[in-house]
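A.B. asks: Okay, here's the structure, questions in a sec.
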Amino acid sequence: MTEGGIVGALARQIGAGQCALSAWVGINDPAVAEQLARDGYDTITLDMQHGAIDLAGAMHGIGAVALAGKPAIVRIPVGEFATASRVIDAGAAAVIAPMINSGADARRFADFMKYPPIGQRSWGPRAALTHSGVIGPAYLHSANAFTLAIAMVETSEALDALDEILGTPGIDGVFVGPSDLSIALHRGALVDPHGADVDAALTKVVQRAKAHGKFAAAFCFDGKRARELAGRGFSLCSVSTDALLLRAAARAELAAARTR
Ligand code: 3PY
Ligand code: MG
């Protein structure tokens with residue numbers, strides 16, 4: 001069994017064949033991440049690419065999510081692989097790297113995520129030791145298994161290089177960004193995350209991931225889509241975002257209040 005306390009909980013859940021459901025958080029306040037973690041999500045993704053989460057916010061968010069007994073994921077900004085190492089040192093269970101378009105991109109990401117001999121992660125797992133409960137040399141020898149490197153597939157180049165990306169040692173799974181992928185597949189003409197082209201890509205991604213012994217994950221705007229993709233073999237799905245949840249709840253309650 002994959003060990004690693006709260007940090008390893010995500011790898012254990014995926015390894016057990018379940019689909020982990022993640023909130024997607026962009027508000028740079030750890031209380032938001034902690035609240036959603038306490039409200040039943042399996043994991044919380046802190047979004048440094050499009051959300052307002054900065055490095056300190058990610059580090060505090062990881063701690064706040066751990067207080068709720070849950071593992072945290074961080075999506076780093078495009079190409080900022082050094083940030084990947086810093087957030088796993090802070091105790092993140094996984095890092096999602098956007099716009100991984102080639103085997104070379106995947107190799108570079110894995111280098112920052114995994115200790116030798118798989119990669120070149122530098123030693124300094126500060127809070128990761130206490131969050132994982134694995135201390136010293138034992139952490140060196142087990143962290144690669146329970147700290148997940150997840151490459152985003154969201155361009156035509158990435159789809160073409162899918163087998164290369166999935167075949168890269170140290171890449172544990174791939175994550176489909178359906179909005180960017182739809183823009184790429186329609187050559188900039190529209191954003192259509194639920195269209196037929198993205199759907200066909202989702203089927204391909206889950207099939208190829210399984211063939212490589214890796215897992216597939218995807219961004220989902222709501223629970224219905226996450227349920228559908230879990231049924232199609234996806235191992236990690238987002239379920240809405242902090243901003244969407246706030247907007248939906250605010251609109252619903254105001255509509256109720258204003259109903260005559
Ligand atoms: C996309 O759909 O492109 C994403 O990156 C999801 O956040
Ligand atoms: Mg994207």
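A.B. asks: Ignoring everything but the protein chains, give the 1.4 Å probe accessible area of His194 in square angstrom, nearest 10.
C.D. replies: Per-residue accessible area (His194): approximately 100 Å².
A.B. asks: Something else about it: For Trp24, tell me the accessible area in Å² from a 1.4 Å probe, rounded to the nearest 10.
C.D. replies: Using a 1.4 Å probe on the heavy atoms, I get roughly 10 Å².
A.B. asks: Turning to a different aspect of this structure: Between His212 and Leu67, what FRET efficiency comes out of the Förster formula 1/(1 + (r/R0)^6) with R0 = 45 Å and r the beta carbon distance, rounded to 0.05?
C.D. replies: Given R0 = 45 Å and the Cβ-Cβ separation, E is 0.80.
A.B. asks: Divide, for the stretch 94-159, the radius of gyration over alpha carbons by 2.2 N^0.38 Å, where N is the residue count.
C.D. replies: After normalising by residue count via 2.2 N^0.38 Å, the value is 1.24.
A.B. asks: In the stretch 40-69, whose amide N lies under 19 Å from the spot 7 Å out along Cα-to-Cβ of Arg126? List them in ranges.
C.D. replies: 46-49, 53-67
A.B. asks: Under a GNM of the chain (C-alpha, springs under 10 Å), which listed residue has the highest mean-square fluctuation: Ser132, Ser85, Ser122?
C.D. replies: Looking only at Ser132, Ser85, Ser122, the largest GNM fluctuation is found for Ser122.
A.B. asks: Over the stretch 130-260, with the other protein chains present, what is the accessible area per residue in square angstrom, probe 1.4 angstrom?
C.D. replies: 49
A.B. asks: With all protein chains present, how much of the accessible area of the chain (probe radius 1.4 Å) comes from carbon and sulfur, to the nearest whole percent?
C.D. replies: Reported share for carbon and sulfur atoms: 56 percent.
A.B. asks: Could you provide, to the nearest whole Å², the per residue accessible area of the stretch 30-75 with probe 1.4 Å?
C.D. replies: Computed with neighbouring chains in place, this is 36 Å² per residue.
A.B. asks: With 32 Å as the cut-off, how large is the P(r) tail for the chain, expressed as percent of Cα-Cα pairs?
C.D. replies: For the chain, the share of Cα pairs beyond 32 Å comes to 17 percent.
A.B. asks: Here is the link list: Lys204/Lys224; Lys114/Lys224; Lys114/Lys204. Which ones come out longer than 23 Å on Cα distance?
C.D. replies: Too far apart for the 23 Å limit: Lys114/Lys224; Lys114/Lys204.
A.B. asks: Oh, and also: May I ask you to derive the relative contact order of the stretch 83-240, considering only C-alpha pairs under 8 Å and at least 6 residues apart, and to give it as an integer percent?
C.D. replies: With pairs under 8 Å counted, the relative contact order is 20 percent.
A.B. asks: Charges only on Cβ, +1 for Lys and Arg, -1 for Asp and Glu: so what's the dipole of the stretch 135-252 about the Cα centre, in debye to the nearest 20?
C.D. replies: 440
A.B. asks: Rg/Rh for the stretch 154-260: what does it come to with C-alpha atoms and Rh from Kirkwood?
C.D. replies: For the stretch 154-260, the value is 1.09.
A.B. asks: Mind jotting down the three principal axis lengths of the stretch 1-130 based on Cα atoms? Whole angstrom, largest first.
C.D. replies: So the three principal-axis extents are 38, 35, 27 Å.
The values are calculated or read from the model by the stated rules, or taken from the named source; none is laboratory data. Note that the structure is a prediction, hence the values are computed from the model and not measured. So basically every Cβ, Gly included, is an ideal-geometry build from the backbone, and we count neighbours across all protein chains shown. We work out accessible area using only protein heavy atoms, side chains counted, and drop any ligands, DNA or RNA first. Shrake-Rupley method; radii C 1.70, N 1.55, O 1.52, S 1.80 Å.
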